[in-house]
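*Asks:* Structure provided below as structure tokens; questions to follow.
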Amino acid sequence: MGKFDRCLAVVWRQQPTPDAFRTRNAALLELSKEHANHSALIEIVEETSKPPSDETRRVAMEVFKTLGSSLSGIAMTLEGNQVRSALNRAILTSMMFFVKQLQPTKIFKHPADAARWIRPYVQVSESGFENNLVAALEELRSSIKAA
């Protein structure tokens, strides 16, 4: 997990835990206080990540009601080229039609697409924001591999 500009970036690898989501939730609350109405969450779910348990999913979602509109957007990248990854993206996108979204949320296949989509929500005017965010995401990933 890391912060880039007004975005909290999270990379999920292997099995996410309730404690990992609690840590993410605390960081999101802090970020939204610093940049109310101009902050975003960008998550990358790597191909190796396993689906969260029901308890973990509950912990993951509980923060969004508290955040309300102070969190401007959520971009989630589900990686993988297999049918399973494509199916998961389709299922999550479909589920968003049936659940009230408190923040604009979109599912992507590539981090670069997520970075382009999230920019207007954080209202960053610097040129190269998208490329810098993608580079920060890759740096975050490499730091995880090194750990």
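The values are calculated or read from the model by the stated rules, or taken from the named source; none is laboratory data. Keep in mind the model is a prediction, meaning the values are calculated, not measured. Counting neighbours? That spans all protein chains shown, and the Cβs are built from the backbone with ideal geometry, glycine included.
*Asks:* Being without any contact (Cβ under 8 Å) to a residue 40 or more places away in the chain, closer than 19 Å to Ile107 by Cα and either surrounded by 13 or more Cβ atoms within 10 Å (Cβ to Cβ) or not charged (D, E, K, R) (or both) is the filter here, so list the residues in segment 47-61 that pass it.
*Replies:* Thr48, Ser49, Pro51, Pro52, Arg57, Met61
*Asks:* Between a residue in segment 100-118 that is farther than 16 Å from Met61 by Cα and any residue that is of a type in the set (Asp, Glu) and modelled with pLDDT of 90 or more, which pairs come within a Cβ distance under 6 Å, given they are 6 or more apart or on different chains?
*Replies:* Listed pairs, sorted by first residue: Ala115/Glu130; Arg116/Glu130.
*Asks:* Using the structure shown, decide if Arg89 is at pLDDT below 65, closer than 22 Å to Arg24 by Cβ, over 13 Å from the mean Cα position of the chain (by Cα) and crowded, with 17+ Cβ neighbours inside 10 Å.
*Replies:* Working: at pLDDT below 65: yes; closer than 22 Å to Arg24 by Cβ: yes; over 13 Å from the mean Cα position of the chain (by Cα): yes; crowded, with 17+ Cβ neighbours inside 10 Å: yes.
Yes, satisfied.
*Asks:* Restricting attention to segment 16-29, does a residue exist that is closer than 19 Å to Phe108 by Cα and either without any contact (Cβ under 8 Å) to a residue 12 or more places away in the chain or in contact with a Ser or Thr (Cβ under 7 Å, 6 or more places away or on another chain) (or both)? Break it down stepwise before answering.
*Replies:* At the first step, the residues of segment 16-29 found to be closer than 19 Å to Phe108 by Cα are none.
No, segment 16-29 has no match at all.
*Asks:* Now, a different point. Within segment 1-26, work out how many residues are surrounded by fewer than 17 Cβ atoms within 10 Å (Cβ to Cβ), under 13 Å from the mean Cα position of the chain (by Cα) and not basic (Lys, Arg).
*Replies:* Within segment 1-26, residues that are surrounded by fewer than 17 Cβ atoms within 10 Å (Cβ to Cβ), under 13 Å from the mean Cα position of the chain (by Cα) and not basic (Lys, Arg) number 2.
*Asks:* Quick one: which residue in Ala9, Ala36 is in contact with a helix residue (DSSP H, G or I) (Cβ under 6 Å, 6 or more places away or on another chain), assigned to a loop (DSSP other than H, G, I, E, B) and of a type outside the set (Ser, Thr, Tyr)?
*Replies:* Values: Ala9 fails: assigned to a loop (DSSP other than H, G, I, E, B).
Just one listed residue meets the conditions, Ala36.
*Asks:* Collect the residues in segment 1-27 that are more than 15 Å from Leu71 (Cβ to Cβ) and small (Gly, Ala, Ser), keeping them in residue-number order.
*Replies:* Answer for segment 1-27, where residues must be more than 15 Å from Leu71 (Cβ to Cβ) and small (Gly, Ala, Ser): Gly2, Ala20.
*Asks:* Yes or no: Ala60 at pLDDT 75 or above, under 19 Å from Gln14 (Cβ atoms) and under 15 Å from the mean Cα position of the chain (by Cα)? Talk me through it step by step, then tell me what you get.
*Replies:* On the way: at pLDDT 75 or above: yes; under 19 Å from Gln14 (Cβ atoms): yes; under 15 Å from the mean Cα position of the chain (by Cα): yes.
Yes; evaluated as a whole, the condition is true for this residue.
*Asks:* Moving to a separate point now. Given the criterion exposed (fewer than 12 other Cβ atoms within 10 Å of the Cβ) and either in a helix (DSSP H, G or I) or at pLDDT 95 or above (or both), identify the matching residue among Lys100, Lys145.
*Replies:* Values: Lys100 fails: either in a helix (DSSP H, G or I) or at pLDDT 95 or above (or both).
Selected residue: Lys145, the only one of Lys100, Lys145 that is exposed (fewer than 12 other Cβ atoms within 10 Å of the Cβ) and either in a helix (DSSP H, G or I) or at pLDDT 95 or above (or both).
*Asks:* Another one. Hey, Leu67 hits all of (1) modelled with pLDDT under 85; (2) closer than 23 Å to Thr17 by Cβ; (3) in a helix (DSSP H, G or I) but one; which does it fall short on?
*Replies:* With respect to (1) modelled with pLDDT under 85; (2) closer than 23 Å to Thr17 by Cβ; (3) in a helix (DSSP H, G or I), Leu67 is out only on (1).
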